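**Student:** Input: one structure, supplied below.
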Amino acid sequence: MTAPTATRKGGRWIEQWDPENETFWKETGERIANRNLLFSVISEHIGFSIWTLWSVMVLFMGPEYGVDPAGKFFLVAMATLVGALVRIPYTFAVARFGGRNWTIVAASLLLVPTIAAAVVMEPGTSYATFMWMAVLAGVGGGNFASSMTNINSFFPLRKKGWALGLNAGGGNIGVPVVQLIGLLVIGTAGAAHPRIVLAVYIPLILVAAICSALFMDNLAPVKNDTGAAREAVKDGHTWIMSFLYIGTFGSFIGYSFAFGLVLQTQFGRTPLQAASITFLGPLLGSLIRPVGGWLADKYGGARITLWNFAAMAAATAIVVLASVRESLPVFLVGFTTLFVLTGLGNGSTYKMIPGIYHAKALAMGLGGEAAASYGRRLSGASMGIIGAVGALGGLGINMAFRQSFMTAGTGTGAFVSFLAFYAVCFAVTWFVYLRKPATTGQQVTEAAADPKPQLSYAEV
């Protein structure tokens, strides 16, 4: 089987795509999928950098800007909010315009918040203007949703955990990279030159858009399925996984935005001191995400997710203790561990999504390509919702920090609330995906008489 390309709708279109066919995958599919994955990662990487741009810009905003810590937390919260909201339309844009075509558009749109910030980033600019700049930067958050939806269609089910983890992890690394660039600028040129950071990204955005045009493909078989979207909205698993993704990705992006501000506000670090530490947690969390997907492929996403939430709760308890005792070294150890665990959880939860819908297909009596097709339809439709709701967790984290610092002058209260939330996530994961219901003698007899596959999520 071949995958012919044709000029259609003004772009590179692949008319046939069957990754579950092993012959097709080995001869043609794997090479094409990996090429699209590489350039998808590049574009998504830049998108994450621009989305989290204001976590760096606020480090440059000294007293002369007239913005207090609560105002800075609100700035980064607005970027988080917009990034979450645009994920849903970005998800459906892939099928409407083609994965390659939309990646070009999504990358090019990043020029708007970057150039706009370069124009206004100076003392004397009104807070309302800064707020609009943060809102514009939110478009970078949408790149994740379209990229993940696109790559999900390229790979077979057995490869999705690793592929989606690598795609997301490479994108997530955009967070520590922009923070490292900020550190470099503060350490060399000083905190009075934030425009240098923006000048670095303008040519990188252009490179991402050009590479997407030259090396990526559109998949003609991928179409928006309004029936699948409606079914995904009505399916309880979409909302359960959205809740769990709040705990993993919401934590990752929320902490990425807030880490530097917490170090400055609670521990009195200078912009240079904060920037020299801020990048480490997001970097480790990004690098470990593909490992979370790999572990989920091997042991089951539900199992990895369950124990990951337990570990996140333990790490948060260490952070609470360090916050109460005002111990910066212990705080950094606990918080960095928490970042690593968010990365692992990101990989394992996203692996669960296609596995859940494939398990449902098998329980419905489908098999082979029919089951794979059903899983692709529902997982693709649900990913935009799950990604958007999960990202809203970042908004919740920054608003919790804002309130905690406004009322108590410390982030301890916020961390206690996060600890309780992770405990709930652990319980939900166990109850829905790993709990084994009691089986009566009558149920055993009925199961023996009816060998139809039973719905089980323990291996997803």
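The values are calculated or read from the model by the stated rules, or taken from the named source; none is laboratory data. Quick caveat, the model's predicted, so the values are computed rather than measured. Note that each Cβ is placed from the backbone with ideal geometry, even for glycine, and that neighbours are counted across all protein chains shown. For accessibility, only protein heavy atoms count, side chains too; no ligands or nucleic acids. Shrake-Rupley method; radii C 1.70, N 1.55, O 1.52, S 1.80 Å.
**Student:** Relative to the first principal axis of the alpha-carbon coordinates of the chain, what is the inclination of helix 280-299, with its axis defined by its Cα atoms, in degrees from 0 to 90 and to the nearest 10?
**Tutor:** Between helix and principal axis, roughly 10 degrees.
**Student:** Where does the chain land on Rg/Rh, using Cα atoms and the Kirkwood Rh?
**Tutor:** 0.99
**Student:** Above 19 angstrom, tally the Cα pairs of the stretch 38-122 and express them as a % of all pairs, no decimals.
**Tutor:** Tail fraction, whole percent: 46.
**Student:** Restricting everything to alpha-carbon atoms, can you work out Rg to Rh for the stretch 338-436 with a Kirkwood hydrodynamic radius?
**Tutor:** Rounded to two decimals, Rg over Rh is 1.11.
**Student:** Across the chain, how many lysine pairs, 8 or more positions apart or on different chains, have C-alpha atoms separated by under 13 Å? Please give the number.
**Tutor:** 7
**Student:** Ignoring ligands, DNA and RNA, how do Glu369, Glu326 rank by accessible area with a 1.4 Å probe, largest first?
**Tutor:** Result, largest first: Glu326, Glu369.
**Student:** May I ask you to give the percent of accessible area on the chain that is carbon plus sulfur, with a probe radius of 1.4 Å?
**Tutor:** The nonpolar share, carbon plus sulfur, comes to 67 percent.
**Student:** Taking 20 °C and 1.002 mPa s as the conditions, I'd like the Stokes-Einstein D for the stretch 74-124 in µm²/s, using the Kirkwood hydrodynamic radius from alpha carbon pairs.
**Tutor:** 168
**Student:** Give me D for the stretch 304-365 in µm² s⁻¹, whole number, from Stokes-Einstein with Rh from the Kirkwood sum over alpha-carbon pairs, 20 °C and 1.002 mPa s.
**Tutor:** D, rounded to a whole number, is 163 µm²/s.
**Student:** Test of understanding: what is the full-extension gain from Asn21 to Thr125, defined as 0.36 nm times their sequence separation minus their Cα-Cα distance?
**Tutor:** So the extension gain works out to 31.7 nm.
**Student:** From the Cα gyration tensor of the stretch 209-272, with a ≥ b ≥ c the square roots of its eigenvalues, which class applies: rounded if a/c is under 1.5, or else prolate if a/b is larger than b/c, or else oblate?
**Tutor:** Here the stretch 209-272 falls in the oblate category.
**Student:** Still on this structure: For the stretch 316-404, with only Lys/Arg (+1) and Asp/Glu (-1) charged at the beta-carbon, what is the dipole magnitude about the Cα centre, in debye rounded to 20?
**Tutor:** Around 140 debye, computed over the stretch 316-404.
**Student:** Could you size up the charge dipole of the stretch 135-251 around its Cα centre, putting +1 on the beta carbon of Lys and Arg and -1 on that of Asp and Glu, and report it in debye to the nearest 20?
**Tutor:** So the magnitude is around 100 debye.
**Student:** Now a separate question. Go through Met133, Gly98, Phe39 and say which Cα lies farthest out towards the positive end of the charge dipole of the stretch 4-138; charges sit on Cβ, +1 for Lys and Arg, -1 for Asp and Glu.
**Tutor:** Projecting each Cα onto the dipole axis, the largest value belongs to Gly98.
**Student:** Taking the convex hull of the alpha carbon atoms in the stretch 80-173, what volume per residue do you get, in Å³?
**Tutor:** Output value, Cα hull per residue: 96 Å³.
**Student:** If I ignore ligands, DNA and RNA and count only protein heavy atoms, how much of His45 is accessible to a 1.4 Å probe, in Å² to the nearest 10?
**Tutor:** Answer for His45: close to 40 Å² accessible.
**Student:** Hey, if you put +1 on the Cβ of every Lys and Arg and -1 on every Asp and Glu Cβ in the chain, which of Ile385, Val112, Asn398 ends up farthest toward the positive end of that dipole?
**Tutor:** Ile385
**Student:** Over the stretch 1-123, average the accessible area per residue using a 1.4 Å probe and give it in Å², no decimals.
**Tutor:** Value for the stretch 1-123: 39 Å² per residue.
**Student:** Same structure, new question: Full extension from Leu272 to Arg35: what is 0.36 nm times the residue separation minus their Cα-Cα distance, to one decimal in nm?
**Tutor:** Length gained between Leu272 and Arg35: 81.5 nm.
**Student:** Which whole-angstrom value gives the distance between the alpha carbon centres of the stretch 143-200 and the stretch 5-82?
**Tutor:** Spelled out, the Cα-based centre of one part sits 7 Å from the other.
**Student:** Please give the calculated 222 nm ellipticity per residue for the chain, where each DSSP H segment of at least 4 residues contributes -39500 (n - 2.57) and the sum is spread over every residue; nearest 500 deg cm²/dmol?
**Tutor:** Result for the chain, helices only: -25000 deg cm²/dmol.
**Student:** Now for a separate question. Determine ³J(HN,Hα), in whole Hz, for all residues of the stretch 34-42 in sequence, where each value follows from phi through the Karplus function 6.51 cos²θ - 1.76 cosθ + 1.60 and θ = phi - 60°; x replaces Gly and Pro.
**Tutor:** Calculated HN-Hα couplings, in order: 5, 5, 5, 4, 4, 7, 5, 4, 4 Hz.
**Student:** Once phi is turned into ³J(HN,Hα) by the Karplus curve 6.51 cos²θ - 1.76 cosθ + 1.60 with θ = phi - 60°, what whole-Hz value does each residue of the stretch 306-311 show in order, with x for glycine and proline?
**Tutor:** Result, ordered by residue: 4, 6, 5, 5, 4, 5 Hz.
**Student:** Tell me which of Gly375, Met121, Ala423 sits at the most positive position along the dipole axis of the chain, charges placed on C-beta atoms (Lys, Arg +1; Asp, Glu -1).
**Tutor:** The listed residue farthest towards the positive side: Gly375.
**Student:** For the stretch 226-355, report the accessible area per residue in Å² (1.4 Å probe, heavy atoms, rounded to an integer).
**Tutor:** 32
**Student:** Given charges of +1 on the Cβ of Lys and Arg and -1 on the Cβ of Asp and Glu, with all other atoms neutral, how large is the dipole of the chain about its Cα centre, in debye to the nearest 20?
**Tutor:** Once rounded to the nearest 20, the dipole reads 240 debye.
**Student:** Show the residues, 5+ positions off or on another chain, whose built amide H is closer than 5 Å to the amide H of Arg12.
**Tutor:** Close amide H contacts, sequence-distant or interchain: Asn218.
**Student:** Further question on the same structure: To the nearest 0.05, how large is the calculated FRET efficiency for Ala317 and Phe431 if R₀ is 25 Å and r is the Cβ-Cβ distance?
**Tutor:** Efficiency computed from Cβ-Cβ geometry: 0.65.
**Student:** Can you compute 3J(HN,Hα) from phi for each residue in the stretch 390-397, using the Karplus curve 6.51 cos²θ - 1.76 cosθ + 1.60 with θ = phi - 60°, rounded to whole Hz and x for Gly and Pro?
**Tutor:** Running phi through 6.51 cos²θ - 1.76 cosθ + 1.60 with θ = phi - 60° gives x, 5, 4, x, x, 4, x, 5 Hz.
**Student:** Then there's this: Can you give the extra length, in nm with one decimal, that the chain gains between Val324 and Tyr299 once fully stretched, where that is 0.36 nm per residue apart less the Cα-Cα distance?
**Tutor:** Contour length minus the Cα-Cα distance gives 5.3 nm.
**Student:** Shape call for the stretch 201-308 from the C-alpha gyration tensor, a ≥ b ≥ c root eigenvalues: rounded (a/c under 1.5), prolate (a/b greater than b/c) or oblate?
**Tutor:** Oblate shape, in that a/c is at least 1.5 and b/c is the bigger or equal ratio.
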